[in-house]
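What follows is a single structure, written as structure tokens, with notes after it.
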Amino acid sequence: MALTGIWLGKNEYLVSDGGRSESIFIMGTADEMADPVNLQELEHFARERVVEGWQKEEPKPHTRDQRQQLAGTLEEINKAHRYWAENNHSRYWGGV
């Protein structure tokens with residue numbers, strides 16, 4: 001996972017890994033936000049916190065409709081594999 005970060009404003013930092021992103025609001029005084037060393041530490045801290053949050057996320061369960069749709073799709077795939085094994089070509093072979 002290659003994390004990147006970009007400042008969106010004075011106090012908002014966006015952390016992204018390409019597929020997902022999260023914005024972090026960082027509070028600090030004007031002097032703290034002007035110090036480049038402190039900003040690097042804040043950026044590193046923000047990236048760590050975002051990654052920890054992403055690792056704790058649990059996948060959302062599929063709804064009943066999604067499971068039924070997936071079951072139909074998997075059955076079609078299995079039918080295609082069985083057809084290929086029996087006929088040595090795909091179900092949609094034109095025979096040209």
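Brief remarks on what is shown
- Residue range of the chain that is longest and free of chymotrypsin sites (Phe, Trp or Tyr not before Pro) which are both DSSP loop and sparsely packed (at most 16 other C-beta within 10 Å): 1-91
- Cα-centre dipole for the range 4-56 with unit charges at Cβ (Lys and Arg positive, Asp and Glu negative), debye to 20: 260 debye
- Between the helical axis of 64-87 and the longest alpha-carbon principal axis of the chain there is an angle of about 50 degrees.
- When only the Cβ of Lys, Arg, Asp and Glu is charged (+1, +1, -1, -1), the dipole of the range 29-96 relative to its Cα centre reaches about 900 debye.
- When each of 41, 58, 52 is scored by the number of other beta-carbon atoms lying within 10 Å, the sequence from fewest to most is 58, 52, 41.
- Measuring gaps between exposed loop sites in the chain (trypsin sites (Lys or Arg not before Pro); DSSP loop; at most 15 other Cβ atoms within 10 Å), the longest gap, sites not included, is 21-90.
- Look at the dipole of the chain built from charges on Cβ: of 40, 88, 6, the Cα furthest out on the positive end belongs to 88.
- Considering only alpha-carbon pairs that sit under 8 angstrom and 6 or more positions apart, the relative contact order computed for the range 4-56 is 28 percent.
- Long-range HN-HN contacts of residue 26 with modeled amide H, under 5 Å: 12, 13
- For residue 25 and residue 67, the difference between the fully extended length at 0.36 nm per residue and the C-alpha to C-alpha distance is 11.4 nm.
- Relative contact order for the chain: 15 percent, from Cα pairs under 8 Å spaced at least 6 residues apart, divided by residue count.
- Within a straight-line Cα-Cα reach of under 21 Å, residue 79 cannot be paired with any lysines, leaving aside sequence neighbours fewer than 8 residues apart in one chain.
- Computed helical MRE - 222 nm, the chain, DSSP H runs ≥ 4 contributing -39500 (n - 2.57), nearest 500: -17500 deg cm²/dmol
Values quoted throughout were computed directly from the atomic coordinates according to the rules given, and no laboratory measurement underlies them. Owing to the predicted nature of the structure, the values given are computational and were not obtained by experimental measurement. Virtual Cβ from ideal backbone geometry, glycine too; neighbours counted across all protein chains shown.
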